[in-house]
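Taking it in order: structure first as structure tokens, then the write-up.
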Amino acid sequence: TSGSTGTPKGVVTEHRAVVNYLNWAAHHYPAARGATLVPTSIAFDLTVTGLYTTLTVGGRVYLGSLDEVAGQDNAVPVALLKATPSHLPLLGDLPKRWSPGEMLILGGEALTSAALAQWRADHRRVTVVNAYGPTETTVNCTEFRIGPKQKLPAGPVPIGRPFWNMRAYVLDERLEPVPTGTAGELYVAGAQLARGYLGRPGLTAERFVACPFEPGVRMYRTGDLARWRPDGQLEYAGRADEQLKIRGFRIEPGEVASTLLDHPDVRQAVVAARDAGPGDTRLVGYVVPENRADGPAAVDTDALRAHAAARLPEYMVPAAVVVLDAVPLTPNGKLDHRALPAPDFGARSAGRAPRTPREELLCGLYADVLGVERVSI
């Protein structure tokens, strides 16, 4: 596994599970018959798509990270590329010959229309596939595709429908199916299910459970929240263990990040909870400025917080916004939460200084309670 939700674990996957996936991919990804760029480590299951699908249909594979290939020549222009949504800013800077000319497959993280909009506007002839699937279901098990002439859906991009010989169930805590439009935990069953975790029988029994709808069949408890849309497409709704609770309020970080992305000066946005002191947890937004013809946009963090405050309830507005040159990524191309810098919660506008001893005492008391260096009157 990639380790994005904990310590990486070895997953025992049978050859027939990989064959089911490659049969699907060879049929649905015809661009693999051309040239494919594989920019991620072979240890990452995301690589299986570009490497093995391409080799099984007689295509050409280029191995190299996105920041290495730009200055190199390639005899055949790239037709297919698979990456994570966090790679999108790097993809936008690729020379044309290295940029996928037929199909871009994104997976490994949640995808929003705001994050994809700029790349899609610059590559209107390319089919974009939003693929979903944990390592425990052999690379991917559902997908949603956006053809060259299709309009980009607003908000979260759906994760689509299951592959051949795969089934998806959205269930409540009693393992009962939830109504259409209601979020529940996503379970997956079918030919691509792994045998379990290497040397971890207890964890295997916890995550690979009996399927109440198919006697003698196991299903994998993904830990992801999803909902069925009225059109029969699955929509990802976040991790069941990623929901934040701050001052008694439950907060979906993805919803806050999506609001920050709506600002014209923001290219990427990430939201996380950070400790500001004992018992004091605060919401922090991390943003990458939009690229303009004259350079990166100048992000006014106070204006960005005001933008969020106009669209979100008060408890969902980030206490601080940090501007980054780029979002830190793990070697597998996913967001590296541990590398996000700590914000300066004490950084505020000067405001009016206290004029009397009473005001000075009052400011001192509020600064002490809030855990900041100073508070204006």
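With n ≥ 4 as the cut-off for DSSP H runs, can you work out [θ] at 222 nm for the chain, using -39500 (n - 2.57) per run divided by the number of residues, rounded to the nearest 500? Write out the running numbers ahead of the final one.
Working: 8 runs with 72 residues, N = 377.
Helix-only estimate at 222 nm: -5500 deg cm²/dmol.
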In 5 Å bins starting at 0, how do the alpha-carbon pair distances of segment 53-105 split up by percent?
4, 18, 34, 27, 13, 4
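If segment 1-74 were replaced by its equivalent ellipsoid, with semi-axes equal to the square roots of 5 times the Cα gyration tensor eigenvalues, what would those be, largest first, whole Å? Let's see the in-between values first.
On the way: eigenvalues 103, 77, 12 Å².
Semi-axis lengths for segment 1-74 are 23, 20, 8 Å.
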Give, in whole angstrom and from largest to smallest, the semi-axes √(5λ) of the equivalent ellipsoid of segment 80-182, with λ running over the eigenvalues of the Cα gyration tensor.
28, 15, 12
So, by mean Cβ neighbours within 10 angstrom, what's the order for 134-146, 154-166, 96-108, 364-376 with the highest one leading?
134-146, 96-108, 154-166, 364-376
What does the charge dipole of the chain about its Cα centre add up to, to the nearest 20 debye, if the Cβ of each Lys and Arg holds +1 and the Cβ of each Asp and Glu holds -1?
780
When every alpha-carbon pair in segment 194-246 is counted, what percent end up more than 13 Å apart?
71
Among K82, K151, K334, which one moves the most in a GNM of the chain with springs linking Cα atoms closer than 10 Å?
K151
In a solvent-free Debye calculation with one equal scatterer on each Cα, what is log10 I(q)/I(0) for segment 22-64 at q = 0.14, 0.15, 0.17 Å⁻¹, listed in the order of the q values?
-0.25, -0.29, -0.37
If you build the Cα gyration tensor of the chain and take the root of 5 times each eigenvalue, what three semi-axes come out, in whole angstrom, biggest first?
40, 27, 18
Please state, rounded to one decimal and in Å, the Kirkwood hydrodynamic radius that segment 271-377 gives when every pair of distinct Cα atoms enters the mean of 1/r.
16.1
Rounded to whole angstrom, the alpha-carbon centroid of segment 55-107 lies from that of segment 288-323 at a distance of 31
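Of all beta bridges DSSP finds with both residues in the chain, what is the antiparallel percent, to the nearest 5? Kindly include the intermediate steps, with their values, before the conclusion.
Numbers: 46 of 64 bridges.
Antiparallel bridges make up about 70 percent of those DSSP assigns within the chain.
Which order do D294, D231, D172 take by accessible area at a 1.4 Å probe, largest first?
Values: D294 145, D231 80, D172 35 Å².
I get D294, D231, D172, largest accessible area first.
Over segment 130-270, calculate the relative contact order: mean separation of alpha carbon pairs under 8 Å at least 6 apart, over the residue count, as a percent. Could the numbers behind the result be given before it?
Numbers: 236 pairs, mean separation 27.4, N = 141.
Relative contact order comes out at 19 percent.
Could you tell me what a quarter of the Cα convex hull surface of segment 27-121 works out to, in nm² with one decimal place? List each step's numbers first, then the result.
On the way: hull surface 23.5 nm².
Mean projected area of the Cα convex hull: 5.9 nm².
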Counting Lys and Arg as +1 and Asp and Glu as -1, what is the net charge of the other residues whose Cβ lies under 15 Å from the Cβ of T47?
+1
To the nearest 10 square angstrom, how much accessible area does Y236 have with a 1.4 angstrom probe?
50
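Any number yet on Rg/Rh for segment 41-83, C-alpha, Kirkwood?
On the way: Rg = 10.7 Å, Rh = 11.3 Å.
Taking Rg over the Kirkwood Rh, I get 0.94.
What fraction, in whole percent, of alpha-carbon pairs in segment 151-235 exceed 19 Å separation?
Cα-Cα pairs of segment 151-235 separated by over 19 Å account for 42 percent.
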Largest-first ranking of H337, H87 by accessible area, probe 1.4 Å, whole protein assembly kept, is H337, H87
Most to least packed among 121-129, 222-230 [average Cβ atoms within 10 Å]:
222-230, 121-129
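Give a quick list of GluC sites (Glu not before Pro) in segment 172-225 that DSSP marks as loop, anything other than H, G, I, E or B, with at most 11 other Cβ atoms within 10 Å.
Passing both the DSSP loop test and the Cβ count: E173.
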Listed by chain and number, the lysines with an alpha carbon less than 25 angstrom from that of K82, same-chain partners under 8 positions apart left out, are K9, K96, K149, K151, K334
Starting from the Kirkwood radius over alpha-carbon pairs of segment 196-287, derive D by Stokes-Einstein at 4 °C in a medium of 1.567 mPa s and give it in µm² s⁻¹.
78
Which net charge results when you count Lys and Arg as +1 and Asp and Glu as -1 among the other residues whose beta-carbon is under 10 Å from that of S86?
-1
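The values are calculated or read from the model by the stated rules, or taken from the named source; none is laboratory data. Computed from a predicted model, the values in this text were never measured in an experiment. Glycine also receives a Cβ, built like all others from the backbone with ideal geometry; neighbour counts cover every protein chain displayed. Areas reflect the complete protein model, heavy atoms only, side chains present, ligands, DNA and RNA absent. Shrake-Rupley method; radii C 1.70, N 1.55, O 1.52, S 1.80 Å.
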